[in-house]
Amino acid sequence: MKLLFVADPLASFKTYKDSTFAMMREAASRGHELLACEPQDVMWQRGGRVSAPLRAFTLTGDAYDWFKPQGEPQVSALADVDAIVMRKDPPFDSEYFYATHLLGQAEREGARVFNSPRALRDHPEKLAILEFPQFIGPTLVTRSEADIKRFHAEHRDIILKPLDGMGGMGIFRVGPDGLNLGSITETLNKGGAETVMVQKYLTEIVKGDKRILVIDGVPVPHALARIPQGSEIRGNLAVGGKGVAQPLSARDREIAEAIGPVLAKRGLLLVGLDVIGDCLTEINVTSPTGFQEITQQSGFDVAKMFVDALESALKN
């Protein structure tokens, strides 16, 4: 089977922790052929099909010089491979958006794309939680400074974040004294030009911001709790959080088992739910991570579960 990974440059991978690499390694162990391209490589012209120069490669087993190209990239139609795995990291900017439309055209030409391009567009990672209010804490989405001040007056300790942030970027906490609330609001909402998400600060963050992976509607039995370190309020691994694998709690499983099948039916083969305490805070669909940390610490092979699900999806 030919598997095409649409991803960031292979040379930029940190293979000791990269979830896409874990997928590739598992797929290669089963004899599948690996191909790669970057979103900017994808093109379409009238009279033809969506295509890109596809690089075939093998894995070397070396931690650093980890892949070996097999000849020069060959321009091919994306619909001619067996499966396309969209693994471009955020941000979900205009170019990512356009890439989903090109991949959507490839689908119309017969390609199988995971996660579904339409589903990627329909589930922005911050706003997707609005569909599941029964699982989230007090949350506000607005451009209005007055709305934010009112929310702070009600909840006293709040988190503000941009809708297009990733890896903990642009997250602020404002406590009961309201210090710098006005300045932070102006910074995030650009004077009322951009929408902001505001949530009640959840004290359970000290125990970790849990990443729950859901594959084809089924939760991985262990979450990765990303625990803030020192004076940091963010647990994201990108800003120094410590990742600790732990079994799902009853509440974790309740959330995952309620949301997972709904999203799977929409073409989201892989989803990362972020949960703090008992509250869902984000739904990650672009490039969920945590495969290697969970596998290394718990012994549960997440990449195996993913490739099993991918192979099963291709039979349907």
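Every number in this text was worked out from the coordinates using simple rules, so none of it is lab data. All values derive from a computational prediction rather than experimental measurement. For neighbour counting, all protein chains shown are included, and Cβ atoms are generated from backbone atoms with ideal geometry for every residue, glycine included.
Some values worked out for this structure:
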quantity: Low-density loop cleavage sites - chymotrypsin sites (Phe, Trp or Tyr not before Pro) in region 1-106, where at most 13 other Cβ are within 10 Å (DSSP); calculated: Y16, Y64
quantity: Correct option for Cα Rg over 2.2 N^0.38 Å [calculated from the coordinates] among (1) 1.38; (2) 1.03; (3) 0.96; calculated: (2)
quantity: Straight-distance crosslink candidates among aspartates and glutamates, where the alpha carbon sits under 16 Å from K190 and sequence neighbours closer than 8 are dropped; calculated: E145, D147, D164
quantity: Net charge, L269 excluded, C-beta distance under 12 Å - Lys, Arg +1, Asp, Glu -1; calculated: +1
quantity: Within the chain, helix-based [θ] at 222 nm, where runs of 4 or more DSSP H residues each add -39,500 (n - 2.57), nearest 500; calculated: -8500 deg cm²/dmol
quantity: Relative contact order computed over the chain (Cα-Cα under 8 Å; 6+ residues apart), in percent; calculated: 18
quantity: Restricting region 107-201 to GluC sites (Glu not before Pro) in coil, as DSSP defines it, with at most 14 other Cβ within 10 Å; calculated: E194
quantity: Out-of-range pairs (alpha-carbon distance over 20 Å; input K149/K207; K126/K210; K17/K161; K14/K242; K2/K88; K200/K265); calculated: K149/K207; K17/K161; K200/K265
quantity: Approximate spin-label separation L314-S231, in nm, with each point projected 7 Å along Cα-to-Cβ; calculated: 5.1
quantity: Projected label distance in nm at S249 and V262, using a 7 Å step from Cα toward the beta-carbon; calculated: 2.1
quantity: Once exposed loop trypsin sites (Lys or Arg not before Pro) are cut out (DSSP; at most 12 other Cβ, 10 Å), longest piece of the chain; calculated: 47-316
quantity: Beta bridge orientation in the chain: antiparallel %, DSSP, nearest 5; calculated: 80
